[in-house]
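S.K.: First the structure, which I've put down as C-alpha coordinates, then a few questions once you've had a look.
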Amino acid sequence: MALHAPEPPATSLAAARDGVRELAAGGSIPPLARAERGAEPVLTHPRRLYQIDRDDLLAGAALSAARPVLWRYTVELDGRAVAFADTMTTPDGSDVLAQVNYGPFVAGITEALEAAERDEGTTDAESRLLHVPALHLIAVWLHAPSGEDRLLPATPAPEGMEPGRSYPLESILPELVARARALPPARRGGAEGG
(Lines give C-alpha, C1' and ligand atoms only; values in the text may rest on other atoms or scores of the structure.)
Protein backbone atom coordinates (compact mmCIF):
# COMPACT_ATOMS: atom_id res chain seq x y z
CA MET A 1 0.00 0.00 0.00
CA ALA A 2 1.20 3.49 -0.81
CA LEU A 3 0.35 5.65 2.18
CA HIS A 4 1.35 9.25 2.31
CA ALA A 5 0.79 12.17 4.64
CA PRO A 6 1.14 15.86 3.85
CA GLU A 7 4.05 17.72 5.39
CA PRO A 8 3.07 19.92 8.33
CA PRO A 9 3.94 23.61 8.26
CA ALA A 10 7.46 24.33 9.52
CA THR A 11 5.97 26.53 12.25
CA SER A 12 3.89 23.59 13.54
CA LEU A 13 6.91 21.32 13.70
CA ALA A 14 8.94 24.02 15.48
CA ALA A 15 6.15 24.59 18.03
CA ALA A 16 5.93 20.85 18.75
CA ARG A 17 9.71 20.38 18.95
CA ASP A 18 10.32 23.42 21.16
CA GLY A 19 7.34 22.66 23.40
CA VAL A 20 8.34 19.03 23.93
CA ARG A 21 11.93 20.03 24.72
CA GLU A 22 10.78 22.63 27.24
CA LEU A 23 8.34 20.26 28.96
CA ALA A 24 10.87 17.41 28.95
CA ALA A 25 13.54 19.63 30.50
CA GLY A 26 11.13 20.49 33.30
CA GLY A 27 10.20 16.85 33.91
CA SER A 28 6.59 17.45 32.85
CA ILE A 29 6.31 14.45 30.51
CA PRO A 30 6.58 11.31 32.68
CA PRO A 31 7.79 8.91 29.95
CA LEU A 32 10.58 11.35 29.12
CA ALA A 33 11.36 12.12 32.76
CA ARG A 34 12.07 8.41 33.30
CA ALA A 35 14.42 8.27 30.30
CA GLU A 36 18.13 7.90 30.67
CA ARG A 37 20.06 11.14 30.94
CA GLY A 38 20.98 12.47 27.52
CA ALA A 39 18.23 10.59 25.67
CA GLU A 40 16.65 13.00 23.20
CA PRO A 41 12.98 12.81 22.17
CA VAL A 42 12.44 12.72 18.41
CA LEU A 43 9.26 13.84 16.64
CA THR A 44 8.12 11.49 13.87
CA HIS A 45 5.08 10.59 11.78
CA PRO A 46 3.17 13.88 11.66
CA ARG A 47 -0.49 13.32 10.86
CA ARG A 48 -3.35 15.74 10.44
CA LEU A 49 -6.12 15.01 12.96
CA TYR A 50 -9.68 15.65 11.77
CA GLN A 51 -12.74 15.83 13.95
CA ILE A 52 -16.37 15.17 13.19
CA ASP A 53 -19.13 15.97 15.62
CA ARG A 54 -22.26 14.01 16.41
CA ASP A 55 -24.56 16.52 14.72
CA ASP A 56 -22.58 16.27 11.48
CA LEU A 57 -22.84 12.47 11.55
CA LEU A 58 -26.58 12.65 12.09
CA ALA A 59 -26.97 15.19 9.27
CA GLY A 60 -25.59 12.61 6.83
CA ALA A 61 -22.48 14.61 6.02
CA ALA A 62 -20.30 11.49 6.07
CA LEU A 63 -16.68 12.51 6.56
CA SER A 64 -16.95 15.53 4.29
CA ALA A 65 -17.83 17.51 7.42
CA ALA A 66 -14.68 16.41 9.28
CA ARG A 67 -12.55 19.44 10.09
CA PRO A 68 -8.77 19.48 10.43
CA VAL A 69 -8.16 20.58 14.02
CA LEU A 70 -4.51 19.88 14.76
CA TRP A 71 -1.25 18.22 13.77
CA ARG A 72 -0.23 15.19 15.81
CA TYR A 73 3.41 14.11 16.08
CA THR A 74 4.65 10.87 17.56
CA VAL A 75 7.25 11.51 20.26
CA GLU A 76 9.79 8.70 20.16
CA LEU A 77 12.50 7.89 22.62
CA ASP A 78 15.09 5.32 21.59
CA GLY A 79 12.89 4.35 18.60
CA ARG A 80 9.79 3.71 20.72
CA ALA A 81 6.60 5.79 20.69
CA VAL A 82 6.07 7.25 24.17
CA ALA A 83 3.76 10.23 23.59
CA PHE A 84 1.99 12.47 21.10
CA ALA A 85 2.59 16.19 20.72
CA ASP A 86 -0.33 18.10 19.23
CA THR A 87 -0.12 21.55 17.70
CA MET A 88 -2.92 23.86 16.70
CA THR A 89 -3.15 27.14 14.87
CA THR A 90 -4.37 30.06 16.97
CA PRO A 91 -6.77 32.72 15.64
CA ASP A 92 -3.80 35.00 14.93
CA GLY A 93 -2.29 32.31 12.67
CA SER A 94 0.57 31.15 14.90
CA ASP A 95 1.15 27.49 15.69
CA VAL A 96 1.40 26.44 19.34
CA LEU A 97 1.84 23.23 21.28
CA ALA A 98 -1.70 22.37 22.39
CA GLN A 99 -1.04 19.24 24.43
CA VAL A 100 1.20 16.26 25.03
CA ASN A 101 -0.59 12.93 25.44
CA TYR A 102 1.07 9.84 26.87
CA GLY A 103 -2.08 7.82 27.55
CA PRO A 104 -3.39 4.57 26.05
CA PHE A 105 -4.04 6.03 22.60
CA VAL A 106 -0.27 6.32 22.00
CA ALA A 107 0.13 2.57 21.66
CA GLY A 108 -3.30 2.19 20.05
CA ILE A 109 -2.74 4.74 17.28
CA THR A 110 0.79 3.47 16.69
CA GLU A 111 -0.57 -0.07 16.23
CA ALA A 112 -3.40 1.16 13.96
CA LEU A 113 -0.88 3.06 11.79
CA GLU A 114 1.21 -0.11 11.50
CA ALA A 115 -1.92 -2.06 10.52
CA ALA A 116 -2.71 0.62 7.93
CA GLU A 117 0.70 0.09 6.34
CA ARG A 118 -0.21 -3.58 5.88
CA ASP A 119 -3.77 -2.90 4.66
CA GLU A 120 -4.39 -4.31 1.22
CA GLY A 121 -7.84 -2.76 0.80
CA THR A 122 -6.51 0.59 -0.42
CA THR A 123 -3.79 1.03 -3.01
CA ASP A 124 -3.15 4.76 -2.61
CA ALA A 125 -4.28 6.85 0.34
CA GLU A 126 -3.52 9.83 2.52
CA SER A 127 -3.02 8.71 6.11
CA ARG A 128 -5.03 10.88 8.50
CA LEU A 129 -6.38 10.57 12.01
CA LEU A 130 -10.08 10.91 12.76
CA HIS A 131 -11.56 11.82 16.14
CA VAL A 132 -15.26 11.35 16.89
CA PRO A 133 -15.45 12.77 20.44
CA ALA A 134 -19.07 11.80 21.13
CA LEU A 135 -18.23 8.14 20.44
CA HIS A 136 -14.81 8.13 22.14
CA LEU A 137 -13.33 6.98 18.83
CA ILE A 138 -9.95 7.74 17.32
CA ALA A 139 -9.12 5.96 14.08
CA VAL A 140 -6.59 6.00 11.30
CA TRP A 141 -8.43 7.36 8.26
CA LEU A 142 -7.13 6.19 4.91
CA HIS A 143 -8.47 8.87 2.58
CA ALA A 144 -8.26 7.55 -0.99
CA PRO A 145 -8.56 9.66 -4.16
CA SER A 146 -10.85 6.92 -5.49
CA GLY A 147 -13.31 7.64 -2.69
CA GLU A 148 -12.81 4.17 -1.19
CA ASP A 149 -11.88 5.45 2.26
CA ARG A 150 -11.20 3.10 5.16
CA LEU A 151 -11.10 3.51 8.95
CA LEU A 152 -8.94 1.53 11.37
CA PRO A 153 -10.07 2.13 14.99
CA ALA A 154 -7.34 2.61 17.56
CA THR A 155 -7.22 0.92 20.95
CA PRO A 156 -9.09 1.65 23.15
CA ALA A 157 -11.88 1.28 20.59
CA PRO A 158 -15.60 1.49 21.30
CA GLU A 159 -17.20 -1.84 22.13
CA GLY A 160 -17.84 -3.96 19.05
CA MET A 161 -15.16 -2.32 16.91
CA GLU A 162 -12.01 -4.31 16.37
CA PRO A 163 -8.88 -2.18 16.89
CA GLY A 164 -6.60 -2.14 13.87
CA ARG A 165 -9.19 -3.75 11.60
CA SER A 166 -9.64 -1.99 8.28
CA TYR A 167 -13.30 -1.08 7.78
CA PRO A 168 -14.50 0.26 4.43
CA LEU A 169 -16.12 3.62 5.14
CA GLU A 170 -19.43 2.57 3.58
CA SER A 171 -19.68 -0.34 6.05
CA ILE A 172 -18.65 1.47 9.26
CA LEU A 173 -20.34 4.84 8.67
CA PRO A 174 -23.89 3.50 9.26
CA GLU A 175 -22.63 2.00 12.54
CA LEU A 176 -21.15 5.35 13.62
CA VAL A 177 -24.41 7.13 12.77
CA ALA A 178 -26.46 4.53 14.68
CA ARG A 179 -24.20 4.89 17.73
CA ALA A 180 -24.45 8.69 17.55
CA ARG A 181 -28.24 8.47 17.29
CA ALA A 182 -28.39 6.16 20.35
CA LEU A 183 -26.53 8.53 22.68
CA PRO A 184 -28.52 9.51 25.75
CA PRO A 185 -29.72 13.13 25.90
CA ALA A 186 -27.09 14.10 28.47
CA ARG A 187 -24.33 13.32 25.98
CA ARG A 188 -25.86 15.04 22.99
CA GLY A 189 -24.10 17.99 21.47
CA GLY A 190 -21.49 18.54 18.83
CA ALA A 191 -18.22 18.33 20.69
CA GLU A 192 -19.04 16.49 23.91
CA GLY A 193 -17.22 13.37 24.93
CA GLY A 194 -13.89 11.86 23.97
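The values are calculated or read from the model by the stated rules, or taken from the named source; none is laboratory data. Since this is a predicted model, take the numbers as computed values, not measurements. Cβ: placed from backbone, ideal geometry, glycine included. Neighbour counts: every protein chain shown. Surface accessibility is based on the protein's heavy atoms, side chains included, excluding ligands, DNA and RNA. Shrake-Rupley method; radii C 1.70, N 1.55, O 1.52, S 1.80 Å.
S.K.: Taking the stretch 5-120, how much of its Cα-Cα pair set, in percent, is spaced more than 22 angstrom apart?
M.R.: 40
S.K.: Ok, one more. With a cut-off of 8 Å between alpha carbons and a minimum separation of six or more residues, what is the relative contact order of the chain in percent?
M.R.: Value for the chain: 22 percent.
S.K.: For the chain, what does the helix formula give at 222 nm: sum of -39500 (n - 2.57) over DSSP H segments with n ≥ 4, over the residue count, nearest 500 deg cm²/dmol?
M.R.: -8000 deg cm²/dmol
S.K.: Per residue, what accessible area does the chain have, given a 1.4 Å probe and all protein chains present, in Å²?
M.R.: 50
S.K.: Could I ask something else about it? On the accessible surface of the chain, probed at 1.4 Å, how many percent belong to carbon and sulfur atoms?
M.R.: Carbon-and-sulfur percentage of accessible area, whole number: 51.
S.K.: Using amide H atoms built in the peptide plane, which far-off residues or other-chain residues are under 5 Å from Met161 H to H?
M.R.: When sequence neighbours closer than 5 places are left aside, there are no close amide H contacts.
S.K.: So, one more: Largest first, what is the accessible-area ranking of Thr44, Thr11 with a 1.4 Å probe?
M.R.: Thr11, Thr44
S.K.: What does the charge dipole of the chain about its Cα centre add up to, to the nearest 20 debye, if the Cβ of each Lys and Arg holds +1 and the Cβ of each Asp and Glu holds -1?
M.R.: It works out to roughly 480 debye.
S.K.: If you don't mind, there's one more thing I want to ask. Given a 10 angstrom Cα cut-off, can you work out which residue in Gly147, Gly93, Gly103 is the most mobile in a GNM of the chain?
M.R.: Fluctuation is largest for Gly93.
S.K.: Which of these values of Rg and Dmax of the Cα atoms in Å was calculated from the structure shown: (i) 17.6, 70; (ii) 17.0, 52; (iii) 16.3, 49?
M.R.: (ii)
S.K.: On to the next question. Which GluC sites (Glu not before Pro) in the stretch 47-120 sit in a loop by DSSP (not H, G, I, E or B) and have at most 11 other Cβ atoms within 10 Å of their own Cβ?
M.R.: Here the sparse-neighbourhood loop sites are Glu120.
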